[in-house]
Amino acid sequence: MTGGGSGGHITPLLSVAQELKARCPGCRVIYIGFKEDRMGDSSIKQAGVDEIFKISAGKFRRYHGESFWQHLVDVRTIALNFRDLLRVVIGTFQAINILGKTTPDIIFIKGGFVGVPVGIAARLKSVPFVTHDSDAVAGLANRLIGRFARLHMTALPPEFYSYPPGKVSYVGIPIDGHFGSLDSESRRQAKQALDFDPLDPVLLVMGGGLGAAKINHHIVLIAPNLLSDFKKLHIIHITGPANLSSVEAGYQKLSPEQIDQVTVMDFTDQLYKYTSAADLVVARAGATTLAELAAQAQACIIIPHPALAGGHQLENAQRLLEARAIKVVPDSASPQTLLQAIQELLSNSDLRAQLGQRLAGFANPGSAGEISRILIDMTRPKSKKPGDA
């Protein structure tokens with residue numbers, strides 16, 4: 001299996017690996033990742049992966065909303081794209097070597113730019129592969145290699161994608177099994193595990209695997225108002241590795257009592273511990289994040305990243321907004337607008353419950369199991385029909 005460039009691609013792979021091992025204990029699971037992935041190998045091994053390889057890869061940078069002429073004169077982006085094209089070529093040769101040594105029966109490509117060299121290598125080595133798309137639009141990497149795929153697994157029904165309908169299997173998004181349904185008792189226990197009073201409100205803020213500088217900045221600015229309006233509020237702020245020091249410095253402007261109500265961290269591989277304790281979540285519109293929050297029926301304020309390629313976060317958010325399952329605050333909104341949205345939801349438990357229940361309607365907790373079942377079935381020899389040669 002392969003996928004990467006971000007945790008949103010890798011985390012679902014680990015869920016599938018665990019299901020594969022549970023259903024087929026004797027199967028060998030091999031992971032091919034991007035050499036600069038931030039997720040530690042120990043987390044991947046714990047999911048049941050038998051062997052890990054890392055290869056070179058590169059992404060094609062293009063930014064949603066930019067015109068053709070803006071792309072044309074963006075010399076820096078052009079240079080980076082040329083550099084990464086060379087990385088793809090190198091990664092393809094590396095993947096060919098890995099496939100030659102490991103001789104896999106099938107490859108599961110979750111998406112992300114590391115899937116391109118692996119998909120090309122699989123085509124050259126005649127190894128069947130399956131792709132998976134989590135977003136409401138197919139990712140560029142999967143579109144590039146998709147014509148050679150045996151099957152396309154998708155988060156949404158086939159009509160959302162341009163793949164041939166006969167080659168699409170709607171399976172949902174695989175997530176960590178710790179993201180299960182929450183009731184008042186499990187939320188109480190989650191708060192106690194973090195040394196919070198079970199009756200205190202908890203706000204969780206996260207900007208994705210790499211963080212989101214604008215969200216971080218806005219939350220730090222409005223934190224004094226939030227902590228003044230909600231005296232017992234706890235803020236859990238996951239900043240992303242590059243933003244930790246600046247966010248910590250920003251919170252130093254709070255009073256000592258208020259600082260004690262704020263927990264700041266750059267990254268966690270146990271996100272479920274914090275989402276389970278949260279009464280309200282502020283997050284980006286990554287598909288895996290939304291699937292995890294749907295499984296827990298969480299009330300969310302979603303701030304989609306407007307510039308990511310293909311506008312996939314905007315598409316993800318729009319679909320849920322139309323179902324009135326989330327509150328959306330545009331990335332361009334002022335800190336005051338975000339403050340008002342948070343105040344409204346923290347003050348209204350009924351509204352939070354309504355949003356959470358609507359979002360839960362999009363949950364598919366059996367996705368990892370369904371994907372693993374399909375992969376196992378595809379590796380089994382087809383039984384001959386009567387009259388076959």
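The values are calculated or read from the model by the stated rules, or taken from the named source; none is laboratory data. Note that the structure is a prediction, hence the values are computed from the model and not measured. Counting neighbours? That spans all protein chains shown, and the Cβs are built from the backbone with ideal geometry, glycine included.
Can we say Q318 is modelled with pLDDT of 95 or more and in a helix (DSSP H, G or I)? Taking the combined requirement at face value, the residue does not satisfy it.
For (1) in the same structural domain as A47 (by TED's automatic domain parsing); (2) within 26 Å of F179 (Cβ to Cβ); (3) of a type outside the set (A, V, I, L, M, F, W, C); (4) at pLDDT below 95, each residue gets a yes or a no:
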{"residue": "A212", "(1), (2), (3), (4)": "no, yes, no, yes"}
{"residue": "V220", "(1), (2), (3), (4)": "no, no, no, no"}
{"residue": "L227", "(1), (2), (3), (4)": "no, no, no, no"}
{"residue": "I235", "(1), (2), (3), (4)": "no, yes, no, no"}
{"residue": "Y251", "(1), (2), (3), (4)": "no, no, yes, no"}
{"residue": "I259", "(1), (2), (3), (4)": "no, no, no, no"}
{"residue": "T263", "(1), (2), (3), (4)": "no, yes, yes, no"}
{"residue": "F267", "(1), (2), (3), (4)": "no, yes, no, yes"}
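Within the range 344-374, the set of residues being part of a loop (DSSP other than H, G, I, E, B) and under 16 Å from V171 (Cα atoms) comprises G361, F362, A363, N364, P365, G366.
Among the residues of the range 57-79, those that are modelled with pLDDT under 80 and within 26 Å of the chain's Cα centre (by Cα) comprise K59, F60, R61, R62, Y63, H64, G65, E66, T77.
Just so you know, in the range 143-199 the residues that are β-branched (V, I, T) and in contact (Cβ under 8 Å) with a residue 60 or more places away in the chain include one that is surrounded by the most Cβ atoms within 10 Å (Cβ to Cβ), and it is I173.
Is it true that I303 is in contact (Cβ under 8 Å) with a residue 24 or more places away in the chain and under 29 Å from R187 (Cβ atoms)?
Details: in contact (Cβ under 8 Å) with a residue 24 or more places away in the chain: yes; under 29 Å from R187 (Cβ atoms): yes.
When the stated conditions are applied, I303 passes them.
Somewhere in the range 102-117, is a residue more than 19 Å from L14 (Cα to Cα) and in contact with a helix residue (DSSP H, G or I) (Cβ under 8 Å, 6 or more places away or on another chain)? Yes, the range 102-117 has at least one match.
Screening the range 269-286 for residues that are surrounded by 22 or more Cβ atoms within 10 Å (Cβ to Cβ) and aliphatic (A, V, I, L, M) and picking the one that is modelled with the lowest pLDDT gives A285.
I'd like the residue in the range 119-138 that is in contact with a His (Cβ under 7 Å, 6 or more places away or on another chain) and not acidic (D, E) and, out of all such residues, is farthest from G100 (Cα to Cα). If we take residues in the range 119-138 being in contact with a His (Cβ under 7 Å, 6 or more places away or on another chain) and not acidic (D, E), then A136 is farthest from G100 (Cα to Cα). Can you tell me which residue within the range 200-234, out of those that are in a loop (DSSP other than H, G, I, E, B) and of a type in the set (A, V, I, L, M, F, W, C), is surrounded by the fewest Cβ atoms within 10 Å (Cβ to Cβ)? Among residues in the range 200-234 that are in a loop (DSSP other than H, G, I, E, B) and of a type in the set (A, V, I, L, M, F, W, C), the one surrounded by the fewest Cβ atoms within 10 Å (Cβ to Cβ) is L210.
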